[in-house]
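One structure below.
The values are calculated or read from the model by the stated rules, or taken from the named source; none is laboratory data. This is a predicted model, so every value here is computed, not measured. Every residue, glycine among them, receives a Cβ derived from its backbone with ideal geometry; neighbour counts consider all protein chains shown. Side chains included, ligands, DNA and RNA excluded: accessible areas come from the protein's heavy atoms. Shrake-Rupley method; radii C 1.70, N 1.55, O 1.52, S 1.80 Å.
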Amino acid sequence: MQASAPSAFADVRIGANSNGSSAIAIGLVGANSSVWGGSNDGASRLDISITASNRNAGGMSLSLNSSTVPPLPNQEPKHFIVPYFSKRKTAAYVEDVRDQHTRQVHGDLSFLAAKLARLGNSSFPENRIYAEACQKILGFVVTAVPSEAGQRPGIYLPDRETLYIDQLGEGVPNIVGLLADLTLARGKLFLIEEPENDLHPQALKALLDLILESSIDNQFVVSTHSNIVVRYLASAKNSVLFNVKTLEGSMPPSAIIEKVEPGVEARINVLRELGYAFADFDLWDGWLILEESSAERIIRDYLVPMFAPKMSRIRTVATGGVSAVTPTFEDFKRLVLFAHLEEAYKGATWVRVDGDEPGKEVVEKLQAKYPDWSPESFAFFKEEQFERYYPSVFSTQISEALGIVDKQQKRVAKKLLLDEVRRWLDEDLDRARAALEVSAAEVISDLQNMERMLY
């Protein structure tokens, strides 16, 4: 890339002033795609020159081996680039649904209704894929619904009334537009700027999963300020991570682009810069993921120090419910993949849940999904509720708390019981050790087995 500085009123370019105008030249080597008109020998070079004498005037030219080539098409299916920039929002949707609007590849979402009119048709080949993606990520399917001037993006309500997309929240149009393009694209280049904008973290993660699936057939260049996006996408095979940094004290502001190498420290530093609480990650010897906070507190504060002290160098995590166990483990796995620590933690990570039916189902699915991990990595306790491992002196209170039907009342009762148990344990640690050695013998044996595996 080569650039020259602007005149007094032109846009800023790095370099020297050239004939009173700013210019930038970009060369792409190996432009052998039929889209560019290049040869098949891979030796072609496409030159893109952008010039501007001031902010109101400028031009762009393209040349391929000294022959002028046309700009890339902006209509399906001959388009190559799918832009999805941060300014993609639109003030109004084009309600005139016609073929030329359906195939338009545009920098904003103005032609979304036309695209959805096609995808929403049950006979359209990609209809099912789009509908399933919408249902998974949003919980409902957005399509083209009737409007005064034609059709607008929206949804049908149970009473057959319609709700337009701009009434559904800022993030919905963004995610729907990208879902539509991802559903249709094959062999395209997506340029995505800050996909995290206006999206709930759970919706963002689901969208990133879809991007990873689509990367089998397409290429993606993504810019982001989100540690979630970085962890998800940079942990994928064959992904490349770059860090863009502003040069301190430079004026006009200048930036450098650095490739982030696979080393643990370099990747951890990237997440630190993005605000991820990752400072101690590389210091833990192992990880123990548990279903409930009560199990995590008793294991971390009492069973480990008393019966498996070396395990104090592992990190315990409570997911807050059996439904969150699998997502938590998968987030953790992406994190260690991102930092290239999978081999280090493969034999030092355990998931433990209650022995009820939901817990057994979670363990079975994790073992099936990750057959290359040791079966001991995923297991359930024999007791259906961890409270059964509390000292026997609390047997009456345990039965009463676990017998409550109302979920909210049961949650409160279990919290009060945990507080009472912890006070009793703290009053006399020798008494506590003797009681836990009997009531929690199974859990202690499991922890000591983990300790032997680690040390």
What's the Cα-based Rg to Rh of region 136-182, Rh via Kirkwood?
-> 0.96
Lysines within cross-link reach of Lys259: Cα-Cα under 28 Å, excluding same-chain residues under 8 positions apart?
-> Lys87, Lys188, Lys205, Lys237, Lys245, Lys333, Lys346
Relative to the longest principal axis of the C-alpha atoms of the chain, give the angle of the C-alpha long axis of helix 325-338, reported between 0 and 90° and rounded to the nearest 10°.
-> 60
Taking region 361-402 as the region of interest, what is the percent of Cα-Cα pairs per 10 angstrom bin, listed from the shortest bin to the one with the maximum distance?
-> 26, 32, 23, 17, 1
Take every DSSP beta bridge whose two residues both sit in the chain, then give the antiparallel share in percent to the nearest 5.
-> 60
Binned at 10 Å from zero, the C-alpha pair distances of region 201-273 give percents of 16, 47, 29, 8, 0
Computed [θ] at 222 nm, helices only, for the chain once each DSSP H run of length n ≥ 4 contributes -39500 (n - 2.57) = -11000 deg cm²/dmol
What is the helix-to-structure angle for 264-273, meaning the angle in degrees between its Cα long axis and the longest Cα principal axis of the chain, kept from 0 to 90 and rounded to the nearest 10?
-> 80
Determine the share of region 152-257's accessible area contributed by carbon and sulfur atoms, expressed in whole percent, with a 1.4 angstrom probe.
-> 52
Specify whether the C-alpha gyration tensor of region 316-368 places it in the rounded, prolate or oblate class, a ≥ b ≥ c being the square roots of the eigenvalues: rounded for a/c under 1.5, otherwise prolate if a/b is larger than b/c and oblate if not.
-> prolate
Checked against the positive end of the charge dipole of the chain (+1 on Cβ of Lys and Arg, -1 on Cβ of Asp and Glu, about the Cα centre), the farthest of Gly275, Pro77, Met450 is Pro77
Any idea what the dipole of region 71-122 comes to, in debye rounded to 20, about its Cα centre with Lys/Arg Cβ at +1 and Asp/Glu Cβ at -1?
-> 160
DSSP-defined beta bridges in region 105-255 - what % are antiparallel, rounded to 5 | 65
Could you check how many percent of all C-alpha pairs in region 95-210 are farther apart than 18 Å?
-> 48
Selected from Tyr232, Ala308, Ile216, residue furthest toward positive end of dipole (region 171-312; charges at beta carbon) = Ile216
Rounded to the nearest 20 Debye, what is the dipole magnitude of the chain about its Cα centre when Lys and Arg each give +1 and Asp and Glu each give -1 at the C-beta?
-> 1120
Work out, in µm²/s and without decimals, the Stokes-Einstein translational diffusion coefficient of the chain at 4 °C, 1.567 mPa s, Rh from Kirkwood over C-alpha pairs.
-> 49
Write down the accessible area per residue of the chain in Å², having rolled a 1.4 Å probe over the full set of protein chains.
-> 54
